[in-house]
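Note sheet for the following structure.
The values are calculated or read from the model by the stated rules, or taken from the named source; none is laboratory data. Predicted model, so just to flag it, every value in this text is computed and none were measured. Here the Cβ positions follow ideal geometry from the backbone for every residue, glycine too, while neighbour counts run over all protein chains shown.
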Amino acid sequence: MRKVFHSVLPIISPQGRIFHGWRIASAGALINFTGSILFFNAFGIYLLLIENEFGWNKAILAGAFALTRIGSGLLGPIQGWMIDRYGPQVILRWGLSIFGFALIGFSTIDSLIEFYIYFFLIQLGTSLGGFLTITVALVNWFKRHRAKSLAFLQLGGSIGGILIPITVFCLETFGWRATASGSGLVVLLVTWPLTRIFDHRPGDIGETPDGVLEDESESIRRSRAGSNRSGRNADFTAKEAIKTSAFWYLALGHSSSLVIVGTVMTHLVLHINGNLGYSLTVAGLVVSFMTVMQFVGVISTGFLGDRINKRMIVLTCMMLHGIGMLLLSFAQNIWMVVAFAALHGIAWGSRGPLMQTIRADYFGPTHFGSIMGWSSMIVMPGMAIGPIFAGYIADRTGSYQNAFISLSVVAILGAIFFLLAKHPYHAE
C-alpha cells in the first residue's frame, strides 16, 4: 500500500502541492456523478414510468432521445468554438443552469410536446454543462497523465450508475415527478458552485500541463512546433484535422460505439422489464452491476491507457460490445443478461476515456474544443439512430432480438474503423 501511495503522490502533487488540474478533474467527476445518478443512468427507468402513465410507444419515446442527440451534434462545432474562445467555466455555468431548471420543468409535463421540449432542454444543459466541456478543460491541463485524468472524470459517472438503486428507490417511493423536481434542485445547489474551479488553461494561472516544469529544451521544441505549422508535432487546427483520414475513422468508430451505448441506455430497462419479465428492481440492479463493470473498465484504462496502444484497447472493446449484444439478443435467463452487463460495462468504461485521449494525442490540445465539436456532428447521430431503430423493431415485432443482433454487426464495423485510424502527421 505504501508503495502505491509513493507512486501516485508525484502524479497528484508533482511540486509538493496538489496540482490544480486534479482539482478540476475532481470537480468534473462530481458533476459527472450528479448527472449520472440523477438522470443519465436513470433515463431508461424514467421512460418506463412515463410509458406506463401516458401510453406512448417505444419509438416515440426513443425519438425524443434521438432528436436531442442530433441537436447536440449540430451544436458541437459552436460549443467547441465557444469553449476554446471563452473557456469552460462560462459554458458550464450556462449548461448546469439549463439542466437544473429543465429537470424541474420536466416534472410538470402533461403532453408529448412538453415531453420533447423539456427533454431537449435537459440534453442541451447536459451537453453544455457536461462531458465535452469538462473534457476540453482536462485535455488542456494534462499531457502525460491525460488518460488517467479522463478515466478519473468517467469514474464519477460510473459511481453514479453503481448507486442508481437510490434513484430507483426515489422513483418508486416518491414518483418520477417529485424525483425529477428534487434532482433539478440538487443540480443547481451542488454542481453549479463547482464551476469556479475550471480555469481554462494552466498558463492562465502560472501553471504547466501535469504540473511538471518543462526543461529548457522542451520549451524550445514546443515553441518551434508552435511557430512552424509544418512540424510533425504541431497541433492541428480544426480545418487541418478534418482533412485527415484519422479524423473520419475515429468519428465513425466512435459513432458506431454510441449506436450501441444509446440503444442500451434507452431500451435496456424496457427490455428486461417488458420483454424478459423481470421486475423494475431487478432491472435497476442489472444497470447498477453494468456500471460496476464500467467502473472496472475505467480503472483499467487509468492504469493502461498511458502505457499501451490505445487504439488496440478500443478495438478490443468494440468486440466485447458485439459479443455482449449477442448475449442480450438470445438471453434465456438472468445469467445471460448479467454476462451482457459485464462485457458491455467493461467495454464502455475502458473505451470511453480513450476516445478523447486518442484525439488529443493525434491533433493536440490547442484547438481540441473545435475539433471535438466537429467530431460530434458525426458521432452524435449514432447515438440517435440506435434507439429509434431498436424502438421501431420492438414496436413492429414485439422483440428487440433483431435490433440487438444488428448492433453486434455495428460493433464489428466500429472495430474496423478504429483499426484504420492511424496517427496523422503534418506534411514535412
Could you go through segment 311-325 and let me know if any residue there is over 19 Å from LEU47 (Cβ atoms), of a type in the set (D, E, K, R) and assigned to a helix (DSSP H, G or I).
yes
For TYR425: the one exception among (1) in contact (Cβ under 8 Å) with a residue 40 or more places away in the chain; (2) touching a helix residue (DSSP H, G or I) at 6+ places or on another chain (Cβ under 9 Å):
(2)
Report, ordered by the first and then the second residue, all pairs with beta carbons closer than 9 Å, sequence separation of six or more or different chains, a first member in segment 41-54 that is among the β-branched types (Val, Ile, Thr), and a second member that is not in a helix (DSSP H, G or I).
ILE50/TRP56; ILE50/ILE109
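Among the residues of segment 106-119, count how many are surrounded by fewer than 17 Cβ atoms within 10 Å (Cβ to Cβ) and touching a helix residue (DSSP H, G or I) at 6+ places or on another chain (Cβ under 6 Å).
Count: 1.
Could you tell me whether ILE78 is closer than 29 Å to VAL186 by Cα, part of a helix (DSSP H, G or I), at pLDDT 70 or above and of a type in the set (A, V, I, L, M)?
Spelling it out, ILE78 is indeed closer than 29 Å to VAL186 by Cα, part of a helix (DSSP H, G or I), at pLDDT 70 or above and of a type in the set (A, V, I, L, M).
Kindly evaluate LEU96 against the criterion of being assigned to a helix (DSSP H, G or I), closer than 16 Å to PHE131 by Cα and modelled with pLDDT under 80.
Values: assigned to a helix (DSSP H, G or I): yes; closer than 16 Å to PHE131 by Cα: yes; modelled with pLDDT under 80: no.
When the stated conditions are applied, LEU96 does not pass them.
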Hey, does segment 276-294 have a residue that's under 21 Å from THR167 (Cβ atoms), in contact with a Ser or Thr (Cβ under 6 Å, 6 or more places away or on another chain) and either crowded, with 18+ Cβ neighbours inside 10 Å or aliphatic (A, V, I, L, M) (or both)?
yes
So THR366 fits all but one of (1) more than 15 Å from the chain's Cα centre (by Cα); (2) over 21 Å from GLN154 (Cα atoms); (3) at pLDDT below 90; (4) in a helix (DSSP H, G or I); what number is the exception?
(4)
Which count do you get for residues in segment 176-200 that are buried (at least 20 other Cβ atoms within 10 Å of the Cβ) and among the small types (Gly, Ala, Ser)?
3
Out of the residues in segment 337-363 that are closer than 14 Å to THR135 by Cβ and of a type in the set (Gly, Ala, Ser), state the one that is nearest to the chain's Cα centre (by Cα).
GLY352
β-branched (Val, Ile, Thr), assigned to a helix (DSSP H, G or I) and free of Cβ contacts under 8 Å to residues at least 24 places away in the same chain: does that describe ILE113?
yes
Only unsatisfied item for GLU240, checking (1) closer than 14 Å to GLY364 by Cβ; (2) at pLDDT below 90; (3) surrounded by fewer than 19 Cβ atoms within 10 Å (Cβ to Cβ), is (2)
Is it true that some residue in segment 379-391 is over 18 Å from the mean Cα position of the chain (by Cα), in a helix (DSSP H, G or I), surrounded by fewer than 23 Cβ atoms within 10 Å (Cβ to Cβ) and not β-branched (Val, Ile, Thr)?
yes
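Restricting segment 301-332 to residues that are modelled with pLDDT of 80 or more, of a type in the set (S, T, N, Q) and over 30 Å from GLU51 (Cα atoms), which is surrounded by the most Cβ atoms within 10 Å (Cβ to Cβ)?
Taking segment 301-332 first, the residues modelled with pLDDT of 80 or more are 309-332.
Applying the additional criterion that residues be of a type in the set (S, T, N, Q) yields 309, 316, 329, 332.
Right, trim to over 30 Å from GLU51 (Cα atoms) and you get 309, 316.
Details: ASN309: 10, THR316: 16.
So, considering only residues that are modelled with pLDDT of 80 or more, of a type in the set (S, T, N, Q) and over 30 Å from GLU51 (Cα atoms), the one surrounded by the most Cβ atoms within 10 Å (Cβ to Cβ) is THR316.
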Filter segment 399-422 for residues that are in contact (Cβ under 8 Å) with a residue 24 or more places away in the chain and small (Gly, Ala, Ser); the one that is surrounded by the fewest Cβ atoms within 10 Å (Cβ to Cβ) is SER399
With respect to PHE99, determine if the residue is touching a helix residue (DSSP H, G or I) at 6+ places or on another chain (Cβ under 8 Å) and surrounded by fewer than 24 Cβ atoms within 10 Å (Cβ to Cβ).
no
Among (1) surrounded by 17 or more Cβ atoms within 10 Å (Cβ to Cβ); (2) under 27 Å from SER288 (Cα atoms); (3) at pLDDT 85 or above; (4) of a type in the set (S, T, N, Q), which single condition is THR173 missing?
(1)
Does segment 243-275 hold any residues that are surrounded by fewer than 24 Cβ atoms within 10 Å (Cβ to Cβ), within 19 Å of TYR400 (Cα to Cα) and of a type in the set (S, T, N, Q), and which are they?
ASN273, ASN275
Positions within segment 15-55 being surrounded by fewer than 16 Cβ atoms within 10 Å (Cβ to Cβ) and not in a helix (DSSP H, G or I), in sequence order
GLN15, GLY16, ARG17, ILE18, GLY55
